[in-house]
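Encoded as structure tokens, the structure appears first; notes follow it.
What follows draws every value from the coordinates through simple rules; no lab data is involved. Here the structure is a predicted model, which is why all the values come from computation and not from measurement. Here the Cβ is made from the backbone with ideal geometry for all residues, glycine too, and neighbour counts use every protein chain on show.
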Amino acid sequence: MNNTSLKNHVIFITGATSGFGKACAELLASYGAKLILTGRRYEKLKELQQQLGAEQVHIAAMDVTQQDAVQNVISDLPEDFKNVTVLINNAGLALGLNLAQNCDLNDWQQMIDTNIKGVLNCTHAILPTMIENNNGYIINIGSIAGSYSYPGGNVYGATKAFVKQFSLNLRADLFGTPIRITNIEPGLAETEFSVVRFKGDAEKAKKLYEGTVPIIAQDIAETVLWCISRPPHININRIEVMPTCQSFSMFAIDRTLS
Ligand code: NDP
Ligand code: 8X3
């Protein structure tokens, strides 16, 4: 995308300390965008700001589950960063891969708080600026787990189904404005995601990707860049992205129940 310039953009990224969010920050900065980078780990944000340049990058340690903290970060944005043009709702997590009957309720609640309420907190806080400026683009990071069921996907998949439907419903509500909405739905991708899902068990996470060629974070950053650089009359509603090595499977049939 040689002719693409994002010099007029101020892009707010949640979950910029790792994985897709970090790769988006690096790629979008290289096209000239101003960035607001958020996440809970301040040291990681600081490193990224030093790498990309403080002129172009504002950082704020923020937990998306905390409504007041989100609102404060947005109210306190420096003048140069106030007019957010793109919000990338990327922060999210899966906790555990147990069957529902063996899950920890706290894990379920944390996934709901982060993947659903976090998206709502950020969207609700930033939408008024977009409406006032008659300009904006919200990119949500969903998942194939929001469309396809698998054992152990229980609440994680359900949160991503919420994100998919919320994205479509936002489009319906924002009809008549130039504000665009996209839900990007990746499949198997190697980031810190599985280490978090397996509660810090890096060996188990590594095994999941063995013998595969998964999506990498840069692939999703390029998808985000492609969306942002579409002309204003085009809205990409949803994009489902899988690695070639991943596909669908047969329905499970229990023959012992007859
Ligand atoms: P990573 O674990 O590498 O990154 C997750 C990011 O979310 C981190 O920057 C983390 O930052 C942030 N985060 C988590 N909880 C919070 C919170 N409460 N407040 C603020 N930030 C938070 O995983 P990915 O990059 O893979 O995940 C990014 C998104 O992509 C997620 O929504 C995930 O569900 C989705 N996804 C991932 C896939 C995969 O296979 N990897 C496939 C499909 C979708 P910090 O810890 O510093 O707060
Ligand atoms: C992550 C992809 O298939 O592990 O959203 O749920 S999957």
field: Selection of GluC sites (Glu not before Pro), the range 23-124, meeting DSSP coil and at most 16 other Cβ within 10 Å
entry: GLU55
task: Could you list the square roots of 5 times each eigenvalue of the Cα gyration tensor of the range 175-238, that is, the equivalent ellipsoid semi-axes, sorted largest first and rounded to whole Å?
output: 33, 12, 8
message: Quick one: 3J(HN,Hα) in Hz for the range 8-23, Karplus 6.51/-1.76/1.60 with θ = phi - 60°, rounded, Gly and Pro as x.
response: 8, 9, 10, 10, 9, 10, 9, x, 8, 7, 7, x, 4, x, 5, 4
- prompt: Can you give me the Cα centroid spacing of the range 136-198 and the range 78-94 in angstrom?
  reply: 16
task: Name the residue, out of ASN90, ASN102, ASN72, whose mean-square fluctuation peaks in a Gaussian network model built on the chain with Cα pairs under 10 Å.
output: ASN102
- prompt: Using θ = phi - 60° and the Karplus form 6.51 cos²θ - 1.76 cosθ + 1.60, what ³J(HN,Hα) does each residue of the range 184-191 get, whole Hz, x for Gly and Pro?
  reply: 9, 10, x, x, 3, 9, 8, 9
message: Under a crude label model (7 Å from the Cα following the beta-carbon direction), how far is ASP68 from ASN134 in nanometres?
response: 3.7
- prompt: Among residues other than ALA23 whose Cβ falls under 14 Å from its Cβ, what is the net charge (Lys/Arg +1, Asp/Glu -1)?
  reply: -3
statement: Diffing the range 49-59: the Karplus 3J(HN,Hα) column from phi (6.51, -1.76, 1.60, θ = phi - 60°), in whole Hz with x for Gly and Pro, holds 5, 5, 5, 9, x, 5, 5, 8, 10, 9, 10
query: By how many degrees, between 0 and 90 and to the nearest 10, does the Cα long axis of helix 154-173 differ from the longest principal axis of the chain?
result: 40
query: What number, in percent, do you get for the relative contact order of the range 16-152 if the mean sequence gap of Cα pairs under 8 Å and at least 6 apart is divided by its residue count?
result: 24
query: Amide H to amide H under 5 Å from THR212: which residues, 5+ apart in sequence or cross-chain, H placed 1.01 Å off N in plane?
result: none
message: Give me, ordered by chain and number, the residues 5 or more places off LEU35 or on other chains with an amide H under 5 Å from its own placed amide H.
response: ILE11, VAL57, HIS58
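Helix-only mean residue ellipticity at 222 nm, the chain, DSSP H runs n ≥ 4 weighted -39,500 (n - 2.57), per residue, nearest 500. What is it?
-12000 deg cm²/dmol
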